[in-house]
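Q: Here's a structure for you.
The values are calculated or read from the model by the stated rules, or taken from the named source; none is laboratory data. All of these numbers come straight from a predicted model, not from anything done at the bench. Counting neighbours? That spans all protein chains shown, and the Cβs are built from the backbone with ideal geometry, glycine included. Surface accessibility is based on the protein's heavy atoms, side chains included, excluding ligands, DNA and RNA. Shrake-Rupley method; radii C 1.70, N 1.55, O 1.52, S 1.80 Å.
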Amino acid sequence: MSAAPSTIAIATARRQRARARISWIGIGIVVVFALLAVLGPMLTPYDPLAQTLLDRLQPPSAAHLLGTDALGRDVLSRVIAAGRVDLPLGLAAAMISATVGSILGSVGGFIGRWVDTLLMRLGDLVMAFPTYVLVIALVTVMGAGIPAILVSFALLGWIPYARLLRAEIRRVTHEEYIAAARLSGISELRVLLQHVLPNAVRPSIAYFVLDIMMAILTLASLSYLGLGVQPPTPEWGTMVAEGQPYLQTNWWLTAAPGGAIAVLGLGFLLLGESLETRLRG
Amino acid sequence: MTGAPHELLRAEGVSVLLPGAPPDRLVDDVDVAVHQGECLGLVGESGSGKSLLLRSALDLVPPPLCTQGRYLWRPSPDVEATPLDRRRARGHDIGMIFQEPMRALNPSRRIVWTLSEPLRQHLGLRGAELRDRVLTMLEDVGIPDPIRISRSYPHELSGGLQQRVMIAAALSTGPRLLLCDEPTTALDVTTQATILELLRSLQATRGLSLVFVSHDLAVISEIADRVAVMSAGRLVEVAPTRALIEDPRHEYTRMLLDAIPGRRRRGATGVPT
């Protein structure tokens, strides 16, 4: 019997180390992509918009590490340049959703009663529609492009944040330290901002990281459908769409931007999950 | 009826109800008063409504429960203390400490922040003055190394230290009445004794009045001047501590006394029935 706990302890420690390693992989991927986006113009070997029609549809080579597309543009340069579009837009979309959702969630969770009911039913109403159909409808109405995308993300993306924060706020509000804070006679707004929110915000932080990834995916999907970022601006979804006709002969045109989305998505996923387990403790 | 001059806080016909048809009367029509400078013990088994009664005094009963009846506060004994008055009394006239100090301290803030906040809000203290005041408060509740403790987070402190910090926080704005909701139940016996000692000395040096809720008559008998016994939401007996222990009037009080281990059964020795 005495050996059993130590075996379990060793296994637990091993699992924790593996988890730490995985979260470092996630951080590494996200940092690399962020650096590529920030340093983009210094790193791209060619102008991502410069067309060299004589060099069109070149396979990967020393001159063009990821080959060239149908207009002779360097694919590597375009993949890097696209990161400067996708990453900040995904971040902005997630931040807008988080801000709107957190405000509505705090109001609903803290005030409760009919305000809460109204907000949550409104969320249910929006969630009942298929997301993409609604986004496409909104973008069609407002006209394709970045402002329309950010607005539709804000209209749809707030709901998970509102629900998460509301649930946490309702939990925290019943804690004794909130009663103690109220007893000290401070204003209700201060109770919310200084005592309730700092203790309720953790799950939202983990979700925020995952949401950046989902925002980038949605953005790429919309751009693929021609509703998002418009050509010739390099964007991963647009690039996948542009490469699709040549999938049989020039697979790298789709594989390069598709791979970028997949790897970055994996990075955010690993980071988000490790944050989630860490913040839960 | 108006409160007598020596009364600090009087509950008149206070009930705490769980709405329904008919409503559940969790605290049922309680009349009780706390006198100036005394410690009133409030004793009863779990679920007897003693904590709710305490919380209703500060309008802290969790929804959907609601309070009926009225509270009279000494400075204006003729005026009914409305829920608003009770809320205003928080932090000024009445402080409160809780059963589990760990749960009553904001876990994501350092002690110094938690203690500073009401001082900043109510007294407008800032900077060095504020910090000195916090350290003095910690010293006053017998904390040995106030500088180190003030920089700690609640989870880094022992239960006894946490409860001392809690007491310091409750006393920060100089209340005249301290409501104690089973403040020693979560502590081990030796720590319990030091906290009781601290409360007794604060009562003496500051002229503080206490309401001390506990299910433990042994603890109550150590600190309380008078004891109020509650059972199933009703107040069954109020008497000076000594009288209550030596000559319990109510059947339920006798049962409570008999429940103390190592105590001779009294039922047979004859209170006339």
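Q: For B:Pro101, which of the numbered conditions (1) within 14 Å of the chain's Cα centre (by Cα); (2) more than 30 Å from B:Glu156 (Cβ to Cβ); (3) at pLDDT below 85 fails to hold?
A: Among (1) within 14 Å of the chain's Cα centre (by Cα); (2) more than 30 Å from B:Glu156 (Cβ to Cβ); (3) at pLDDT below 85, the lone unmet condition for B:Pro101 is (2).
Q: If I ask for residues that are in contact with a Gly (Cβ under 7 Å, 6 or more places away or on another chain), among the hydrophobic types (A, V, I, L, M, F, W, C) and closer than 15 Å to A:Met239 by Cβ, which ones from region A:37-87 would you list?
A: A:Val75, A:Ile80, A:Ala81
Q: In region B:29-70, what residues are open to solvent by less than 40 Å² (accessible area, probe 1.4 Å) and over 27 Å from A:Thr173 (Cα atoms)?
A: Within region B:29-70, B:Val30, B:Val32, B:Ala33, B:Val34, B:Gly37, B:Glu38, B:Cys39, B:Leu40, B:Gly41, B:Val43, B:Gly44 meet the criteria.
Q: Let me ask something additional. Working only within region B:109-125, note down all residues that are touching a residue at least 40 places away in the same chain (Cβ under 8 Å), open to solvent by 30 Å² or more (accessible area, probe 1.4 Å) and either facing chain A (nearest Cβ under 7 Å) or in contact with a Cys (Cβ under 6 Å, 6 or more places away or on another chain) (or both).
A: B:His122
Q: A further question on this structure: Just a yes or no: is a residue in region A:87-94 modelled with pLDDT of 90 or more, more than 24 Å from A:Gly243 (Cβ to Cβ) and open to solvent by 40 Å² or more (accessible area, probe 1.4 Å)?
A: yes
Q: On to the next question. Do we have any residue at all in region B:143-157 that's under 30 Å from B:Gln36 (Cα atoms), more than 12 Å from chain A (Cβ to nearest Cβ), modelled with pLDDT of 85 or more and out of contact with any Asp or Glu (no Cβ under 9 Å at 6 or more places or on another chain)?
A: Within region B:143-157, one or more residues are under 30 Å from B:Gln36 (Cα atoms), more than 12 Å from chain A (Cβ to nearest Cβ), modelled with pLDDT of 85 or more and out of contact with any Asp or Glu (no Cβ under 9 Å at 6 or more places or on another chain).
Q: Among the residues of region A:165-179, write down those that are assigned to a helix (DSSP H, G or I), surrounded by fewer than 16 Cβ atoms within 10 Å (Cβ to Cβ) and within 14 Å of chain B (Cβ to nearest Cβ).
A: Selection gives A:Arg171 alone.
Condition check ((1) within 14 Å of chain B (Cβ to nearest Cβ); (2) in contact (Cβ under 8 Å) with a residue 24 or more places away in the chain) across all residues:
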position	(1), (2)
A:Pro130	no, no
A:Val139	no, yes
A:Ile146	no, yes
A:Leu150	no, yes
A:Pro160	no, yes
A:Arg163	no, yes
A:Ala181	yes, no
A:Gly185	yes, no
A:Ala200	yes, yes
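Q: Sticking with this one: Suppose the filter is of a type outside the set (Lys, Arg), at pLDDT 80 or above, assigned to a loop (DSSP other than H, G, I, E, B) and surrounded by fewer than 21 Cβ atoms within 10 Å (Cβ to Cβ); does B:Thr273 pass it?
A: No.
Q: Do you know which of the residues in region A:109-141 that are more than 17 Å from A:Val151 (Cα to Cα) and in contact with a Ser or Thr (Cβ under 9 Å, 6 or more places away or on another chain) is modelled with the lowest pLDDT?
A: The selected residue is A:Gly112.
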